[in-house]
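Trainee: Quick one: structure below, then a few questions.
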Amino acid sequence: MRPGSKIRTLRAALVWLALAILLAVVIFQMPAVKKRFAWRLDLALTYLRGIIQPAGPIPTPLPLPTFTPGVSPTAMPTATATQALPTAAPTEATPTLTPSPTPLPAAVALNPPPYVKQDPNNCGPATLAMALAYYGWQGNQDNIAEEIKPLDADRNVNPEEMAYYVRNFAGWLNVEYRVGGDLFRLKQLIAAGFPVIIEESFYFEDPFWPNDDLWAAHYLLLTGYDDAEQVFIGQDSYRGPDQRVGYAKMDADWKIFNRVYMIVFLPQQQNQLQAILGEEWDVRANRQHALQVAQAEAEQNPQDAFAWFNIGTNLVFFERYLEASQAFDTARNIGLPQRMLRYQFTPFFAYFHSGRNEELLALTDYALQRTPNSEEALLWKGWGMYRKGDTIKAIELFRKALEANPKGQDARYALNFVGAAP
């Protein structure tokens, strides 16, 4: 072949290659194709990142600094709608569970809603869609995700965000969530006709990076129980409908999330629900109960990292930040899962508000190694940089948090707080 022919052949090959790449990019942008294959690309990039930045344990705390309560080097952010915290001192009353007026049935099976198979990273919207459909709601998981996690790569939805969706986009229904639950409370609710959403542990079958501990979070809709088999019946957006989960296993997996439970209900059912919850209808009394449960579990087993973590979480609710940070120190020294800070962010509150800024930055750095697009870790690293005096870096991080969730209000609040337009 003559040199000129070789050049023309090479040029033609390059043109076809460019056209093929362009066509692939165009095809990949098609919603159906992108939805199907984007998660595979994300998986590959996540594994590669795990090779470059190996997943070690959550860092242990530094020595405690000298701290004067009430003194801070810069103004602190106030709570936003999704970070609402009480301001009064915690109640000293010990709430008690009101016993059921009649014995509970030995088994209950509610008519489950139509099953929803979750899209990748979408167990929250999918599970909430099933809970809403139980009452006749006609939407789907995409409707929910569009409002509370508009980007598919967002790996976490908080109970607060799910409740926000119900109150603002399914307003003919009500929603409440509480913490510190137990198996009896779940059975009470189911027996009264209320399906219950819980957040629990989940274990991947395959690693996402070298040395992956495989632990993650998952939502589950409970629609029944059976005392004879000692199981709950759950609509699992990942594993399938009518999953049977043993009482002991479910409590152990549920405990890691402070035993949070959420109930969607009709307005006319509020009195019935309030009667079931008793004193714990009051949010502060419920938190006090949850704190006491966690303290009792830590006393029974001082090496229970999740009991200490729950102590810290409940102390944050009462704005007892220094005590909370010390409880989180204990949990970290014992050891926590690699993805813990993808789903639970109360340590960020505690370390920031107790003046332990280096701890905040160490934890947010670790969280971002595991989940670079975590809006919560980006937000709180931004607050840490702001506290450090680096407002320019703080603004950059706040904007990245807003990119991670374009509808997130906390990042908008942060940008307005430091005088930068969202």
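The values are calculated or read from the model by the stated rules, or taken from the named source; none is laboratory data. Only a predicted model underlies this, so the values are computations on that prediction, with no experimental measurement involved. No Cβ is skipped: glycine too gets one built from the backbone with ideal geometry, and neighbour counts run over all protein chains shown.
Trainee: If you go through the stretch 134-157, how many residues are surrounded by fewer than 18 Cβ atoms within 10 Å (Cβ to Cβ) and outside any helix (DSSP H, G or I)?
Mentor: So the count comes out to 9.
Trainee: I'd like to check something: does the stretch 370-382 contain any residue that is more than 26 Å from residue 124 (Cβ to Cβ), of a type outside the set (Gly, Ala, Ser) and without any contact (Cβ under 8 Å) to a residue 60 or more places away in the chain?
Mentor: no
Trainee: Now a separate question. Restricting the search to the stretch 318-331, which residues are assigned to a helix (DSSP H, G or I) and surrounded by fewer than 24 Cβ atoms within 10 Å (Cβ to Cβ)?
Mentor: Within the stretch 318-331, 321, 322, 323, 326, 329, 330 meet the criteria.
Trainee: For residue 194, are the conditions met, namely being of a type in the set (Phe, Trp, Tyr), in contact (Cβ under 8 Å) with a residue 60 or more places away in the chain and closer than 28 Å to residue 106 by Cα?
Mentor: Considered against the rule, which asks whether it is of a type in the set (Phe, Trp, Tyr), in contact (Cβ under 8 Å) with a residue 60 or more places away in the chain and closer than 28 Å to residue 106 by Cα, residue 194 comes out as yes.
Trainee: Does any residue of the stretch 309-330 turn out to be in contact with a Lys or Arg (Cβ under 7 Å, 6 or more places away or on another chain) and under 24 Å from residue 386 (Cβ atoms)?
Mentor: yes
Trainee: Scan 284, 339 and give me the residue that is over 30 Å from residue 113 (Cα atoms), touching a strand residue (DSSP E or B) at 6+ places or on another chain (Cβ under 9 Å) and at pLDDT 95 or above.
Mentor: Exactly one residue qualifies, and that residue is 339.
Conditions tested, residue by residue: (1) acidic (Asp, Glu); (2) under 18 Å from the mean Cα position of the chain (by Cα).
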| residue | (1), (2) |
| --- | --- |
| 327 | no, no |
| 331 | no, no |
| 336 | no, yes |
| 349 | no, yes |
| 358 | yes, no |
| 363 | no, yes |
| 370 | no, yes |
| 377 | no, yes |
| 382 | no, no |
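Trainee: Follow-up. Going residue by residue through the stretch 252-265, is there one that turns out to be assigned by TED's automatic domain parsing to the domain that holds residue 202 and farther than 26 Å from residue 231 by Cα?
Mentor: no
Trainee: Sticking with this one: Across the stretch 401-421, what is the number of residues that are at pLDDT 95 or above, touching a helix residue (DSSP H, G or I) at 6+ places or on another chain (Cβ under 8 Å) and either under 10 Å from residue 379 (Cα atoms) or assigned to a helix (DSSP H, G or I) (or both)?
Mentor: 8
Trainee: Please go through the stretch 346-355 and pick out each residue that is crowded, with 23+ Cβ neighbours inside 10 Å and not small (Gly, Ala, Ser).
Mentor: If the condition is that a residue be crowded, with 23+ Cβ neighbours inside 10 Å and not small (Gly, Ala, Ser), then 347, 348, 349, 351, 352 are the ones that fit.
Trainee: Let me ask another. Mind listing whichever residues of the stretch 396-422 are more than 24 Å from the chain's Cα centre (by Cα) and surrounded by 15 or more Cβ atoms within 10 Å (Cβ to Cβ)?
Mentor: 417, 418, 420
Trainee: Residue check, residue 334 against (1) touching a helix residue (DSSP H, G or I) at 6+ places or on another chain (Cβ under 6 Å); (2) crowded, with 21+ Cβ neighbours inside 10 Å; (3) among the hydrophobic types (A, V, I, L, M, F, W, C), all met but one. Which one?
Mentor: Looking at each condition in turn, residue 334 falls short on (2).
Trainee: So, in the stretch 105-125, exactly how many residues are small (Gly, Ala, Ser) and assigned to a loop (DSSP other than H, G, I, E, B)?
Mentor: Residues that pass the stated criteria total 1.
Trainee: Still on this structure, please answer the following. For the stretch 217-244, give me each residue that is more than 15 Å from residue 126 (Cβ to Cβ) and either surrounded by fewer than 21 Cβ atoms within 10 Å (Cβ to Cβ) or of a type in the set (S, T, N, Q) (or both).
Mentor: 226, 227, 228, 229, 230, 231, 242, 244
Trainee: So for the stretch 126-133 (the condition being under 28 Å from the mean Cα position of the chain (by Cα) and either part of a loop (DSSP other than H, G, I, E, B) or modelled with pLDDT under 50 (or both)), does at least one residue qualify?
Mentor: No, that holds for no residue.
Trainee: How do the strands (runs of 3 or more DSSP E) wholly within the stretch 220-288 filter down when requiring 2 or more residues that are more than 22 Å from the chain's Cα centre (by Cα): which remain?
Mentor: Qualifying strands (runs of 3 or more DSSP E): 231-236, 240-246.
Trainee: Name the single residue, out of those in the stretch 283-331 being among the acidic types (Asp, Glu) and in contact with a helix residue (DSSP H, G or I) (Cβ under 8 Å, 6 or more places away or on another chain), that is farthest from residue 56 (Cα to Cα).
Mentor: In this case the residue turns out to be 319.
Trainee: Moving to a separate point now. What number of residues within the stretch 180-219 are assigned to a strand (DSSP E or B), more than 14 Å from residue 251 (Cα to Cα) and among the charged types (D, E, K, R)?
Mentor: 0
Trainee: Same structure, new question: Restricting attention to the stretch 339-375, which residues are within 19 Å of residue 212 (Cα to Cα) and not polar (S, T, N, Q)?
Mentor: 339, 340, 341, 342, 343, 363, 365, 366, 367, 368, 370, 372
Trainee: So which of 203, 177, 165 ends up being hydroxyl-bearing (Ser, Thr, Tyr), surrounded by fewer than 19 Cβ atoms within 10 Å (Cβ to Cβ) and more than 19 Å from residue 109 (Cα to Cα)?
Mentor: Going through 203, 177, 165 in turn, just one is hydroxyl-bearing (Ser, Thr, Tyr), surrounded by fewer than 19 Cβ atoms within 10 Å (Cβ to Cβ) and more than 19 Å from residue 109 (Cα to Cα): 203.
Trainee: Inspect the stretch 385-393 for any residue being polar (S, T, N, Q), in contact (Cβ under 8 Å) with a residue 24 or more places away in the chain and surrounded by 19 or more Cβ atoms within 10 Å (Cβ to Cβ) and give the result as yes or no.
Mentor: no
Trainee: Any residue in the stretch 373-384 that is part of a loop (DSSP other than H, G, I, E, B) and crowded, with 24+ Cβ neighbours inside 10 Å?
Mentor: Yes, the conditions are met somewhere in the stretch 373-384.
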